[in-house]
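A.B. asks: I have a structure here, written as structure tokens, and I will follow up with some questions on it.
The values are calculated or read from the model by the stated rules, or taken from the named source; none is laboratory data. Keep in mind that what you see is a predicted model, and the values were worked out from it rather than measured. Neighbour counts run over all protein chains shown; Cβ positions are idealised from the backbone, glycine included.
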Amino acid sequence: MKAFILDRYGSNDGLRLAEVPAPELRPNDVLVEVHAAGVNPLDSKIRDGEFKLILPYRLPLILGNDVAGVVVAVGPNVRAFKPGDEVYARPDKDRIGTFAELIAIDEADVTLKPKNLTMEEAASVPLVGLTAWQALVERAEVKKGQKVLIHAGSGGVGTMAIQLTKHLGAEVATTTSSTNIDLVKRLGADTVVDYKKDRFEDVLHGYDVVLNSLGNDTLEKSLRVLAPGGKLISISGPPDAEFAKANGSSWLLQLIMRFLSARISRKARRHGVTYSFLFMRASGEQLSKITALIEAGTIHPVIDRVFPFDATNEALAYIETGRSKGKVVVKLK
Ligand SMILES: NC(=O)c1ccc[n+]([C@@H]2O[C@H](COP(=O)([O-])OP(=O)(O)OC[C@H]3O[C@@H](n4cnc5c(N)ncnc54)[C@H](OP(=O)(O)O)[C@@H]3O)[C@@H](O)[C@H]2O)c1
């Protein structure tokens, strides 16, 4: 099968399109013919070696963390799927590789594709949808009437997080630039801060939750908008010791991550709020709850561009500009 391979971390050559053997099917796996694959900043970061400590992959590696496609074979223990099923998934972090014609995924990480989405739309959902779900439903336990600030509302995570937060009945503020104000308002944002004109930390106060996906400066300023007892959740770092433990990292890495997050955790305590880092995980069960919201018309993915499979390196370069609105996808079928 054809696949985009990473031979060496940090190489300027990009990913290499190669002919490789089809993946082996484990007893609990479904083999998915990839019709479309979502592109994420995580792909670029893995390619550049930024995740070497957290995700120690063996190279060569097929990149790609999001898929929509059709089941073509199932392992002997698989009960929930059969050949011909249209599915989508974020494969387990240790078994990525959706920039390929086929991928084997544990059935626990897969769910049926929303009937009202194209393959390209479906492929854009899993990683960002699960991130928003795990941050807002699981970690923050957002309740009706609460106030939530979502940074970078026009990005892949932001577009999902705004819609999910509105569904949970909370009030949403978001940061974006002027070109994307209409987009985030259409998605449901109640308050929009144009980060090129205003300082969000001066205009927003009394928030229960902040979802941060930006840099350290934004992270620290976000403390000022939280009410006492509020929750600052960051998906862009710094990682903390709890994450290291859950990730099965060594005691040394746990120590390093405690050190990396010590400053923001200390500042959070001083503000009477909590800091935590979230690294999303695969879950077919949670994705099926997102499917229900998509089929009910509550959440709809926002697609910026669809690239042909051969242009996967160009798709990665496009998201690296940091300007994409919603999601970028590569199409195979
Ligand atoms: N830990 C996890 O599990 C996890 C999961 C998913 C993503 N992430 C991380 O979260 C980050 C965001 O991911 P993503 O997929 O949402 O990225 P993305 O789609 O590439 O984000 C692009 C968007 O960010 C906006 N943006 C850039 N700078 C901004 C600023 N200073 N203020 C407000 N908006 C800004 C841009 O809008 P403008 O053009 O208007 O600036 C653009 O629409 C990445 O670092 C990613 O690696 C982590």
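A.B. asks: Please tell me if Gly215 is out of contact with any Lys or Arg (no Cβ under 8 Å at 6 or more places or on another chain), at pLDDT 95 or above and not charged (D, E, K, R).
C.D. replies: Working: out of contact with any Lys or Arg (no Cβ under 8 Å at 6 or more places or on another chain): yes; at pLDDT 95 or above: yes; not charged (D, E, K, R): yes.
Taking the combined requirement at face value, the residue satisfies it.
A.B. asks: Considering only residues that are farther than 28 Å from Arg186 by Cβ and in a helix (DSSP H, G or I), look in segment 280-313 and name the one that is farthest from the ligand (Cβ to nearest atom).
C.D. replies: Asp310
A.B. asks: A further question on this structure: Going by what's in this entry, would Ala100 be described as modelled with pLDDT of 95 or more and outside the structural domain of Lys327 (by TED's automatic domain parsing)? Working first, answer last.
C.D. replies: Working: modelled with pLDDT of 95 or more: yes; outside the structural domain of Lys327 (by TED's automatic domain parsing): no.
In short, no.
A.B. asks: Among the residues of segment 238-245, is any closer than 26 Å to Thr176 by Cα and within 14 Å of the ligand (Cβ to nearest atom)? Show your work before the answer.
C.D. replies: Our first condition is that a residue be closer than 26 Å to Thr176 by Cα; within segment 238-245, this holds for 238-239.
Those left that are additionally within 14 Å of the ligand (Cβ to nearest atom): 238-239.
Yes, because at least one residue in segment 238-245 is closer than 26 Å to Thr176 by Cα and within 14 Å of the ligand (Cβ to nearest atom).
A.B. asks: Here is a further query. Here is a list of conditions, (1) free of Cβ contacts under 8 Å to residues at least 12 places away in the same chain; (2) in contact with a strand residue (DSSP E or B) (Cβ under 6 Å, 6 or more places away or on another chain), and Asp198 meets all of them except one; can you say which number that is?
C.D. replies: Result: Asp198 fails condition (2) only.
A.B. asks: Take the residues in segment 137-168 that are assigned to a strand (DSSP E or B) and surrounded by 24 or more Cβ atoms within 10 Å (Cβ to Cβ), then tell me which one is nearest to the chain's Cα centre (by Cα).
C.D. replies: First, the residues of segment 137-168 that are assigned to a strand (DSSP E or B): 147-150.
With surrounded by 24 or more Cβ atoms within 10 Å (Cβ to Cβ) added as a condition, the list becomes 148-150.
On the way: Val148: 18, Leu149: 17, Ile150: 14 Å.
Residue satisfying both the conditions and the ranking: Ile150.
A.B. asks: Sticking with this one: Filter segment 142-172 down to the residues that are in contact (Cβ under 8 Å) with a residue 40 or more places away in the chain, under 19 Å from Ser213 (Cα atoms) and more than 9 Å from the ligand (Cβ to nearest atom) and list them by number.
C.D. replies: Matches in segment 142-172: Val142, Lys147, Val148, Leu149, Ile150, Gln163, Leu164.
A.B. asks: Then there is this: Kindly indicate which of Arg269, Arg305, Arg323 is in the same structural domain as Arg258 (by TED's automatic domain parsing) and either loosely packed, with under 14 Cβ neighbours inside 10 Å or not small (Gly, Ala, Ser) (or both). Explain how you work it out, then say what you get.
C.D. replies: On the way: Arg305 fails: in the same structural domain as Arg258 (by TED's automatic domain parsing); Arg323 fails: in the same structural domain as Arg258 (by TED's automatic domain parsing).
Answer to the check: Arg269.
A.B. asks: A further question follows. Suppose we keep only residues that are polar (S, T, N, Q) and over 16 Å from Ile319 (Cα atoms) within segment 119-141. Which one would you say is farthest from the ligand (Cβ to nearest atom)?
C.D. replies: As a first pass, look at segment 119-141 and keep what is polar (S, T, N, Q): 124, 131, 134.
Keeping just the survivors that are over 16 Å from Ile319 (Cα atoms) gives 131, 134.
Details: Thr131: 4, Gln134: 8 Å.
Checked segment 119-141; the qualifying residue farthest from the ligand (Cβ to nearest atom) is Gln134.
A.B. asks: Continuing with this model, one more query. Kindly indicate whether Ile294 is in contact with a Pro (Cβ under 8 Å, 6 or more places away or on another chain), at pLDDT 95 or above, surrounded by 20 or more Cβ atoms within 10 Å (Cβ to Cβ) and assigned by TED's automatic domain parsing to the domain that holds Ile46.
C.D. replies: Taking the combined requirement at face value, the residue does not satisfy it.
A.B. asks: Could you say which residue among Ala244, Ala173, Ala189 is crowded, with 19+ Cβ neighbours inside 10 Å and more than 23 Å from Ala161 (Cα to Cα)? Before the answer, list the steps.
C.D. replies: Values: Ala173 fails: more than 23 Å from Ala161 (Cα to Cα); Ala189 fails: more than 23 Å from Ala161 (Cα to Cα).
Exactly one residue qualifies, and that residue is Ala244.
A.B. asks: Could I ask something else about it? Given the structure, is Leu223 more than 12 Å from the ligand (Cβ to nearest atom), in contact with a helix residue (DSSP H, G or I) (Cβ under 8 Å, 6 or more places away or on another chain), part of a helix (DSSP H, G or I) and over 11 Å from Gly153 (Cβ atoms)? I'd like the intermediate steps shown before the answer.
C.D. replies: Numbers: more than 12 Å from the ligand (Cβ to nearest atom): yes; in contact with a helix residue (DSSP H, G or I) (Cβ under 8 Å, 6 or more places away or on another chain): yes; part of a helix (DSSP H, G or I): yes; over 11 Å from Gly153 (Cβ atoms): yes.
For Leu223, the condition - more than 12 Å from the ligand (Cβ to nearest atom), in contact with a helix residue (DSSP H, G or I) (Cβ under 8 Å, 6 or more places away or on another chain), part of a helix (DSSP H, G or I) and over 11 Å from Gly153 (Cβ atoms) - is met.
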